Every structure is written in C-alpha cells, then in structure tokens.
Amino acid sequence: MLCLRSFFLSALLLLTLTSDVFPHNGGQTPLNILFIMSDDHTSQAVGAYGRRLAKLNPTPTIDSLAKHGMLFENAFCSNSICTPSRACVISGQYSHKTNTRDLDDTLAPEFHLLPRQLRAAGYQTAVVGKWHLTHEPIDFDYYCVLPGQGKYFDPFFQVRSEKPWPESLMQVKGKHSSDAITDLTLDWLKNQRDVSKPFFLMHHYKAPHDFFEYAPRYESYLADVDIPLPESMWRTSPKFGSAATRGDQDNLLPHIGTSVTRRNPFRNYTHMYADDETLSDRDAAERAYSTYLKKYLRCVKGVDDNLKRLFDYLKNEGLFENTMIVYTSDQGMMLGEHDYIDKRWMYDESMRSPLIMHCPNVIPEGKRTDAIIENIDLAPTLLDFAGATTPPAVQGRSFRQLCETGNEAVDWKKEAYYRYWMHIAHHDVPGHLGIRSKDFKLTYYYGMDFRDRGKPRTPPGWELYDLKSDPLELNNVIDDPKYASAAADMKRRLADKRAGIGDTGEVSPEVERVIQEFWDYDQRDLDEAHEIARAYLKSRQGRRRYIPGENKHDK
C-alpha cells in the first residue's frame with residue numbers, strides 16, 4: 001500500500017513539474033509552436049485586416065486563422081528591413097543591442113535566444129525557409145534554409161552536414177520556393193519530428209519579397225480585376241512630409257524615396273512594368289501599379305494556398321488543436337502609398353506587421369486588440385507560453401496575458417520604438433527614428449547612416465501625424481500651433497524611450513551629436529536643413545538609372 005501511495009505521489013509530482021515546463025491545451029499535452037513568417041507581407045494585403053485590398057480576398061486561409069484566433073491591429077517591427085527585423089524576433093532585442101542594423105550586419109549566435117531557450121526547455125527546434133541572418137542556425141535541431149535572399153524558382157537550401165557552414169547546399173528543382181518550403185516542412189513533420197517532444201517550428205517564406213516571382217499557376221489570378229489605387233499615390237496633400245523628404249521648395253522630391261510613378265526618375269516601377277515613353281505620366285504609373293500589385297498578390301496567394309496544405313496536414317494528424325500558430329511578416333510593405341515602394345519607412349504600411357495568433361482553448365476566438373506590440377515582444381511571449389526561461393538581456397515583454405484574456409494590461413507599453421539605421425541605400429530612404437502611440441506618430445529624420453561622420457547628407461526634419469484624424473498620415477502637423485502640446489509630449493516620450501532602451505549614442509556618437517543638434521529644430525536648424533538639401537541636390541547630378549539585379553541585395 002505504501003509503495004502504491006509513493007507511486008501516485010511520484011506521478012503527481014512529475015505531472016506538476018511537467019505542467020510548470022509545458023503549458024497544456026485543455027489539460028492534454030504540451031503545446032507545439034508553429035511560427036510562420038512571410039517576407040514583406042503587409043497588413044493591407046491580409047483580408048482579415050479589412051484594409052484597402054481586403055475585397056480582393058487574397059488570404060482566405062490566413063483570414064480563417066484570424067477568425068478563430070486573435071488579430072493584433074498594432075503590431076510593429078522596430079526596423080523595417082529583413083535582417084534587422086528577423087534579428088529582433090530571434091533575440092527579443094533592438095537593433096542597437098545586437099548590432100544588426102542593416103543588411104550587411106549579422107546576428108551573432110549568442111543572440112539566437114529564442115530557439116536556444118526553447119531547446120533547453122525540452123522542445124525540438126526546426127527552421128525551414130528564409131533565415132537571412134548569416135550565421136549558422138546552430139540552436140535548431142534541424143534547419144533547411146535559403147542562402148541569403150534565396151531564389152524564387154529551383155531554390156537552393158543550406159542544410160546541416162559535415163561540411164562547414166555555409167558550404168552544404170541542396171537544390172529543389174522544378175518548384176517555386178513557396179511550394180518547396182512547404183514540402184520541406186511537411187517532410188520534417190512527417191518523417192523527422194520526434195513525437196516524444198513538443199516542437200518549435202519556424203516556417204519562413206521568401207514570398208512576397210520583390211521582385212514578386214509567382215508560380216505559373218497564378219497567371220490568371222486577378223488578371224481581369226481592377227486593383228484599387230491608394231489615395232495618397234498622387235501626393236495631393238501639400239502638408240505631407242517635411243524638409244527631410246521634400247527638401248528646400250520641394251527640390252528633393254525626385255531624390256527621396258523610390259516610386260511607382262516617374263517622380264523618382266532613377267528608380268521607379270514604370271521602368272520595370274510600363275517602360276513606354278508614349279504613355280503619359282499618369283497612364284504609365286497606373287499600368288505599373290496594376291502590374292506590380294498583381295505580381296505581389298499572386299505571391300501572397302501562393303503563400304496562403306500553401307498554408308492551407310500545411311494546416312490540413314496538422315488537422316488530419318490531430319496536431320492542429322494542440323499547436324499554437326503564429327502568423328506574421330518581418331515587416332510591412334509600401335504598396336504605392338505616398339508614391340513609395342519597398343519598406344524601410346516608419347509609415348504604418350511599412351512599420352506595421354500582420355500578427356495573428358491561434359491556439360484552441362488557450363487563445364479566445366474572434367478577438368482583436370489595438371495594444372501596441374513590438375516584434376521584440378514575440379520571443380518572450382513564446383518563451384512564456386512554453387514555460388521556458390526568458391534571459392535578462394531580452395528587452396521585449398510577454399503579452400501572454402493579453403492573448404489569453406483579450407484584455408490589455410494597465411501597465412502595458414504606450415508606444416513602439418522605431419529606428420531605420422541605413423541611409424539612402426537601395427531605395428533612397430533617409431535614416432530616421434521615432435515612436436508610434438495609438439494616437440500619434442513622431443518621426444525624426446536625422447539624415448545620416450550610422451557609420452557617417454560630420455554633417456548630415458540629407459536634411460534633418462520632424463514629422464508628426466495625428467493618427468485618429470489622419471490615419472493615412474497625409475498631414476504633418478509638427479508646426480501646427482494646435483499640436484504644440486502633443487509635439488512636446490511626443491518628443492519627451494521619444495527621449496525617455498531612447499534612454500530606457502539604451503539607444504543613447506554609444507553605437508554612433510557622431511550621429512548622436514547631429515540628432516541632438518537638430519532636436520529643438522528652430523529657424524536656424526531649418527535654414528541649415530535647406531542648405532543641406534541644396535548641397536545634396538548637387539551631389540545627385542549625373543546619377544544613373546537603376547538596373548534590377550545590379551545590387552547584391554537584389555539577389
């Protein structure tokens with residue numbers, strides 16, 4: 001009798017310890033975690049968000065996930081470019097902490113915190129698809145990742161082998177990358193998964209990254225459909241932007257931000273999709289816009305269809321109900337808004353990432369929240385759900401309670417921090433930083449790359465947008481007397497945020513000196529900004545037209 005009692009006590013103790021390590025779904029088994037990330041998939045192109053492209057129904061599978069899970073309206077990346085954004089997710093830290101500020105930086109293995117901590121907590125870890133963090137993903141039990149950006153067709157993958165990283169490659173011939181990545185993930189789930197452990201699987205698509213190469217079966221998708229143009233593409237508001245983006249008397253409009261229209265004559269989508277000099281500026285822009293949006297949405301459709309294959313497998317195998325599914329993108333994408341293309345900008349279309357979380361009996365169905373979520377919060381949240389340890393170095397904060405209840409904590413963060421560290425690289429976007437609250441967005445362009453010394457190369461300038469009355473960010477109110485109090489408050493909050501997270505200039509002291517010099521931005525600062533704009537205009541003389549594929553980051 002004593003032995004039987006000891007047995008039951010031991011079993012109870014083991015169950016208690018296991019419960020501490022692995023959260024349970026309805027008291028059953030440890031939760032699996034499936035983390036899905038697409039590349040440059042903006043929330044405008046997710047039907048569940050209800051934004052301007054929602055009527056085209058590009059994402060029925062993702063929309064169903066949102067219907068039965070939680071959708072985050074205000075999820076933001078802190079640096080809208082591939083490598084830095086992915087580094088924030090893996091590390092739970094901002095770019096200045098991990099030294100991953102641009103596409104040439106790498107995320108050192110000591111910052112691969114998310115897979116390492118989950119592995120230590122008993123999870124089997126795997127990553128398939130786009131990695132883009134240079135160093136070998138050694139903390140994953142299994143990896144099969146694209147080298148760099150990877151190819152859309154006949155993609156190569158780097159795999160673990162006896163050869164030194166990154167020399168070991170395998171090629172999947174005859175397939176589009178979205179299909180190949182899904183096939184590889186399904187193969188891992190079917191044939192290589194350790195069924196005795198919960199899994200943490202990162203499933204990352206290359207699509208819909210530029211240059212939007214889609215599988216041939218989507219050629220007819222949207223072929224006869226009119227794609228709605230963004231209201232702001234024609235730039236009808238004279239209050240949009242600042243000296244940083246417009247220059248002195250608009251002299252920098254052709255030089256800041258690549259475009260859909262012919263506004264930027266050096267790099268625009270008319271060159272690629274409507275290169276016909278007989279067309280008027282407007283006709284060329286509309287043709288280019290329609291062509292590139294259809295290519296983009298066809299890539300999105302390929303992602304959504306492949307996710308249906310993946311989810312169907314999980315359902316058929318009885319795994320769907322016990323798997324936490326996270327769908328997100330490394331950042332958003334400018335789809336012609338403000339006549340900008342690519343990402344990098346702090347405008348919502350670029351800064352906002354779609355974020356949907358689904359887990360039956362853990363996350364309530366059909367919930368939406370406008371709580372401010374940063375991509376550095378993803379790692380601590382997943383670690384929290386897994387019962388894993390969150391290292392002190394992590395700067396993000398778990399929002400598990402929000403997921404489980406739908407209620408934002410009283411002491412939850414009030415703003416998201418953003419910093420784009422590159423400067424006039426690839427898409428003519430100036431270096432800038434700022435914060436985004438639920439009501440306002442404050443952006444400070446300081447006009448330098450983080451490696452620069454001396455004066456700014458492009459003019460510094462400030463922008464403030466009232467997101468309640470102006471959600472499309474059309475009217476910069478930084479100099480409007482009615483917003484003087486709001487501007488002062490947001491500047492104070494920006495300074496406090498920078499101090500709190502440690503982005504105070506140690507990384508780039510020369511740049512920090514300029515940031516402080518133009519912080520108050522009086523008339524003398526504005527005059528100097530205009531002088532810098534005139535000098536920059538002279539430096540642009542003789543600039544030649546962009547040719548796709550020339551830049552190493554295009555590949």
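The numbers here are math on the coordinates, done by the rules we state, and not lab data. Since we're looking at a predicted model, the values are computed, not measured. Note that each Cβ is placed from the backbone with ideal geometry, even for glycine, and that neighbours are counted across all protein chains shown.
Side notes on the structure shown:
- Along each principal axis, Cα extent of the range 287-393, largest first, Å: 49, 39, 24
- Over 27 Å between alpha carbons, listed pairs 130/301; 239/413; 343/414: 239/413
- Semi-axis lengths (Å, descending) of the ellipsoid that matches the C-alpha gyration tensor of the range 322-364: 30, 8, 7
- Amide H partners (placed H, <5 Å) of residue 342, local residues excluded: 334
- Built amide H within the under 5 Å cut-off of residue 467, gap 5+: 440, 441
- In percent, rounded to a whole number, the relative contact order of the chain is 21, using alpha-carbon pairs under 8 Å and six or more apart.
- Remark: the range 182-227 is approximated by an ellipsoid whose semi-axes, taken from the C-alpha gyration tensor as √(5λ), come to 34, 12, 9 Å, largest first.
- Cα point-scatterer Debye curve for the range 489-554, base-10 log of I(q)/I(0) at q = 0.13, 0.15, 0.19 Å⁻¹: -0.66, -0.79, -0.91
- Computed from backbone phi, the HN-Hα couplings of the range 83-98 come to 4, x, 5, 5, 4, 4, 5, 5, 9, x, 9, 6, 4, 6, 7, 9 Hz, rounded to whole numbers (Karplus: 6.51 cos²θ - 1.76 cosθ + 1.60, θ = phi - 60°; Gly and Pro given as x).
- Calculated on alpha-carbon atoms, Rg and Dmax of the range 77-185 in Å: 14.0, 41
- Magnitude of the charge dipole, the range 272-408, Cβ model with Lys/Arg +1 and Asp/Glu -1, debye to 20: 440 debye
- Counting other Cβ atoms within 10 Å as a rough exposure proxy, the listed residues 270, 98, 504 run 504, 98, 270 from fewest neighbours to most.
- Radius of gyration over Kirkwood radius for the range 360-452, both on Cα atoms: the Rg/Rh ratio is 1.08.
- DSSP-defined beta bridges in the chain - what % are antiparallel, rounded to 5: 50 percent
- Over the residues of the chain, the helix contribution to mean residue ellipticity at 222 nm works out to -9500 deg cm²/dmol, using -39500 (n - 2.57) for each DSSP H run of at least 4.
- Summing Cβ point charges (Lys, Arg +1; Asp, Glu -1) relative to the Cα centre of the chain gives a dipole of roughly 580 debye.
- Dipole orientation for the chain: of the candidates 359, 227, 181, 181 has the Cα lying most toward the positive pole (charges on Cβ; Lys, Arg +1; Asp, Glu -1).
- Those residues of the range 389-429 whose amide nitrogen sits under 13 Å from the label point placed on residue 110, 7 Å along Cα→Cβ: 393
- Exposed GluC sites (Glu not before Pro) absent: longest stretch of the chain, with sites in DSSP loops and at most 16 other Cβ within 10 Å deemed exposed: 1-161
- Average projected area [Cα convex hull, the range 334-411], square nanometres: 6.9 nm²
- Listed values (i) -0.25, -0.46, -1.19; (ii) -0.21, -0.40, -1.19; (iii) -0.31, -0.59, -1.21 include one computed from this model; for log10 I(q)/I(0) by the Debye sum over Cα atoms at q = 0.05, 0.07, 0.12 Å⁻¹ that value carries the label (ii).
- Estimated translational diffusion coefficient (Stokes-Einstein, Kirkwood radius over Cα pairs, 10 °C, 1.306 mPa s) of the range 420-546: 102 µm² per second.
- Each part gets one Cα centre, and for the range 452-509 versus the range 278-348 those centres are 29 Å apart.
- Taking a Cβ cut-off of under 9 Å around residue 427, the surrounding Lys, Arg, Asp and Glu residues balance to a net charge of +1, with basic ones at +1 and acidic ones at -1.
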